[in-house]
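The values are calculated or read from the model by the stated rules, or taken from the named source; none is laboratory data. None of the values given here were measured: they were computed from a predicted structure. Cβ: placed from backbone, ideal geometry, glycine included. Neighbour counts: every protein chain shown. Note: accessible area is taken over every heavy atom of the protein model, side chains too, but ligands, DNA and RNA are not part of it. Shrake-Rupley method; radii C 1.70, N 1.55, O 1.52, S 1.80 Å.
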Amino acid sequence: GDALGLLILTPAAWSLADRWKRRREPLDLGRKLKGLAMIAATAIAGHWAFSFSPNDLGAMPITPFVAMPVIAFAGARLGIRVAAWSGVALAIVSIAGTLGGAGPYSGGSEVATALKLQEYLTITVFSALALAALVSETREQQAHAQASEEALREANEALERRVAERTADLVVANAELERLAVSDGLTGTFNRRHFMQAADRELDRARRYSRPLSLILWDLDHFKQVNDSYGHQIGDAVLCAAVHRARSVLRDTDVLARYGGEEFIVLLPETSIDSAIATAERIRVLLSSEPLTTAKGPVKMSASFGVTTLDRGDRNLQPLIERADQALYRAKGEGRDRVRLQA
């Protein structure tokens, strides 16, 4: 009996010690009231089962295990602490009732009564404690699994964000690489290789559908003197300014590229020879309209232009470039800063 009492009281005492350690934690009043209600319900059920006299039980047999569902529900619902104190309450009322001569275990010898009561309390209380422990462990495992799942979800989201960021960075890097692959590093125009590829496509389309196509080859006048007089930094600024002014005249469909050092080439799809000459003239006027203001003073700009158009016999771009180059050479020979046509 002493051992059983210790076993029943130990979980209750442990719950008090555990609560004392966590005394600074906020108290859940609602859960506290539910626990007290379940302890009271267990005591009431035990008192009712152990309040009948042996004579009454003969006419109306009452099993003391009617309290077992109450204490089991208390442990499963509210944990080991409530199950332990419900067990203490049940032990108190069952022992008190039995000592008062009531309940199903009274009326026999003292030894038989004590053994039956101990057996009853062992089965009832420790079954409730075991169930409470099992439910508590299950809930902890569920909470741990939920926490692990939440951590895994957050890790996946972080990984997805990182992958998205890296993908975006990769897209930007690829776009920059593609731009560098087709552009001239100084002026930002297309480079010669990309121009030849784009020009071949436009040439095939123009020949297939019998559409006009023109070409302008132009060269900055006396550019070497600019470099020698002002330095290469000013020369680079002149190249960039010339491209900027030329772009303001050209259409989005026109292809402007740096063909050589100070030499540029323009492909004009859907453009007749007269329109190509007019475009070259507008570029020429705009280049020479006003000097470029630099740190070393104003620098005068001008350019010579050679213009040609697609001929039926042209199978590739090379004949057009040769004719435009001849026209450019003639423009330089005639004094520069002018537009010449080579049919």
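If residue 340 satisfies all but one of (1) touching a residue at least 40 places away in the same chain (Cβ under 8 Å); (2) over 52 Å from the mean Cα position of the chain (by Cα), what's the number of the condition it fails?
Going through the list (1) touching a residue at least 40 places away in the same chain (Cβ under 8 Å); (2) over 52 Å from the mean Cα position of the chain (by Cα), residue 340 breaks only (1).
Any residue at all in the stretch 172-188 that's without any contact (Cβ under 8 Å) to a residue 12 or more places away in the chain, more than 28 Å from residue 306 (Cα to Cα) and open to solvent by less than 70 Å² (accessible area, probe 1.4 Å)?
Within the stretch 172-188, one or more residues are without any contact (Cβ under 8 Å) to a residue 12 or more places away in the chain, more than 28 Å from residue 306 (Cα to Cα) and open to solvent by less than 70 Å² (accessible area, probe 1.4 Å).
Within the stretch 309-331, how many residues turn out to be of a type in the set (D, E, K, R), within 17 Å of residue 277 (Cβ to Cβ) and assigned to a helix (DSSP H, G or I)?
Going through the stretch 309-331 one residue at a time, the tally reaches 3.
Does residue 257 fit the bill of being in contact with a strand residue (DSSP E or B) (Cβ under 6 Å, 6 or more places away or on another chain), part of a helix (DSSP H, G or I) and open to solvent by less than 50 Å² (accessible area, probe 1.4 Å)?
Considered against the rule, which asks whether it is in contact with a strand residue (DSSP E or B) (Cβ under 6 Å, 6 or more places away or on another chain), part of a helix (DSSP H, G or I) and open to solvent by less than 50 Å² (accessible area, probe 1.4 Å), residue 257 comes out as no.
Tell me which residues, restricted to the stretch 93-126, are closer than 16 Å to residue 51 by Cα and in a loop (DSSP other than H, G, I, E, B).
100, 101, 102, 103, 104, 105, 106, 107 - these are the residues of the stretch 93-126 that are closer than 16 Å to residue 51 by Cα and in a loop (DSSP other than H, G, I, E, B).
Just to check your reading of the model, which residue among 131, 159 is open to solvent by 60 Å² or more (accessible area, probe 1.4 Å) and touching a helix residue (DSSP H, G or I) at 6+ places or on another chain (Cβ under 6 Å)?
Being open to solvent by 60 Å² or more (accessible area, probe 1.4 Å) and touching a helix residue (DSSP H, G or I) at 6+ places or on another chain (Cβ under 6 Å) holds for just one of 131, 159, which is 131.
Residue check: is residue 215 aliphatic (A, V, I, L, M) and either surrounded by 18 or more Cβ atoms within 10 Å (Cβ to Cβ) or over 49 Å from the mean Cα position of the chain (by Cα) (or both)?
So residue 215 passes the test.
Being assigned to a helix (DSSP H, G or I), open to solvent by 60 Å² or more (accessible area, probe 1.4 Å) and within 22 Å of residue 84 (Cβ to Cβ) narrows it down to one residue among 146, 141; which is it?
141
Looking at this structure, is residue 168 open to solvent by less than 60 Å² (accessible area, probe 1.4 Å) and modelled with pLDDT under 80?
For residue 168, the condition - open to solvent by less than 60 Å² (accessible area, probe 1.4 Å) and modelled with pLDDT under 80 - is not met.
For the stretch 270-307, enumerate the residues that are in a helix (DSSP H, G or I) and in contact (Cβ under 8 Å) with a residue 40 or more places away in the chain.
Within the stretch 270-307, 273, 275, 276, 277, 279, 280, 281, 283, 284, 286, 287, 288 qualify.
Within the stretch 270-306, can you find the residues that are farther than 18 Å from residue 186 by Cβ, in contact with a Ser or Thr (Cβ under 7 Å, 6 or more places away or on another chain) and crowded, with 20+ Cβ neighbours inside 10 Å?
271, 276
At pLDDT 75 or above, of a type in the set (Asp, Glu), open to solvent by 40 Å² or more (accessible area, probe 1.4 Å) and out of contact with any His (no Cβ under 9 Å at 6 or more places or on another chain), is that true of residue 25?
Judged against the criteria, residue 25 is not a match.
A quick yes/no check of all residues on (1) buried (at least 19 other Cβ atoms within 10 Å of the Cβ); (2) not in a helix (DSSP H, G or I):
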residue: 202; (1), (2): yes, no
residue: 207; (1), (2): no, no
residue: 225; (1), (2): no, no
residue: 235; (1), (2): yes, no
residue: 253; (1), (2): no, yes
residue: 268; (1), (2): yes, yes
